[in-house]
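Undergrad: Submitted below is the structure of interest, expressed as structure tokens.
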Amino acid sequence: QVQLVESGGGLVQPGGSLRLSCAASGSIFSTYAMGWYRQAPGKQRELVASIFSAGTTRYADSVKGRFTISRDNAKNTVYLQMNSLKPEDTAVYYCNARVAGLVYWGQGTQVTVSS
């Protein structure tokens, strides 16, 4: 069982920045494939960014150049740095871990981009 706890969401003005964190349990975090997803009201959950155990990253086209995913294996934590935020980035952001064929989700953190 892997537990994921997100933090760092909030209200920010358009053009602003936020950094989300996701702390994971487990002694083999470095082997987890980690990702950030988001779900806006009335829309399906979508992949925002992912990072694999070797450090390879992948981004949705809508966030390329604005968001950066990273991980600190010593702290069992994955981050999502979000810059140049837009109102359409408003959503609940979920942390995701994939390990040994299983998928785990965090509880989500709300990000609201509004003036």
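Undergrad: Only residues in the range 103-115 that are farther than 15 Å from GLY10 by Cβ count as the first member; pair them with residues that are open to solvent by less than 90 Å² (accessible area, probe 1.4 Å) and among the polar types (S, T, N, Q), Cβ under 9 angstrom, at least 6 apart or cross-chain, and list the lot.
TA: VAL103/ASN96; TYR104/ASN96; TRP105/ASN96; GLY106/ASN96
Undergrad: For residues in the range 104-115 being within 16 Å of ARG38 (Cβ to Cβ) and part of a strand (DSSP E or B), which is most open to solvent (accessible area, probe 1.4 Å)?
TA: The residue in question is TRP105.
Residue-by-condition table, conditions (1) within 15 Å of GLU88 (Cβ to Cβ); (2) β-branched (Val, Ile, Thr):
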site	(1), (2)
GLU6	no, no
LEU20	no, no
SER25	no, no
TRP36	no, no
GLU46	yes, no
SER50	no, no
THR57	no, yes
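The values are calculated or read from the model by the stated rules, or taken from the named source; none is laboratory data. This structure is a prediction, so every number in the text was calculated from the model and none was measured. All Cβ positions, even for glycine, are placed from backbone atoms using ideal geometry, and neighbour counts span all protein chains on display. Areas reflect the complete protein model, heavy atoms only, side chains present, ligands, DNA and RNA absent. Shrake-Rupley method; radii C 1.70, N 1.55, O 1.52, S 1.80 Å.
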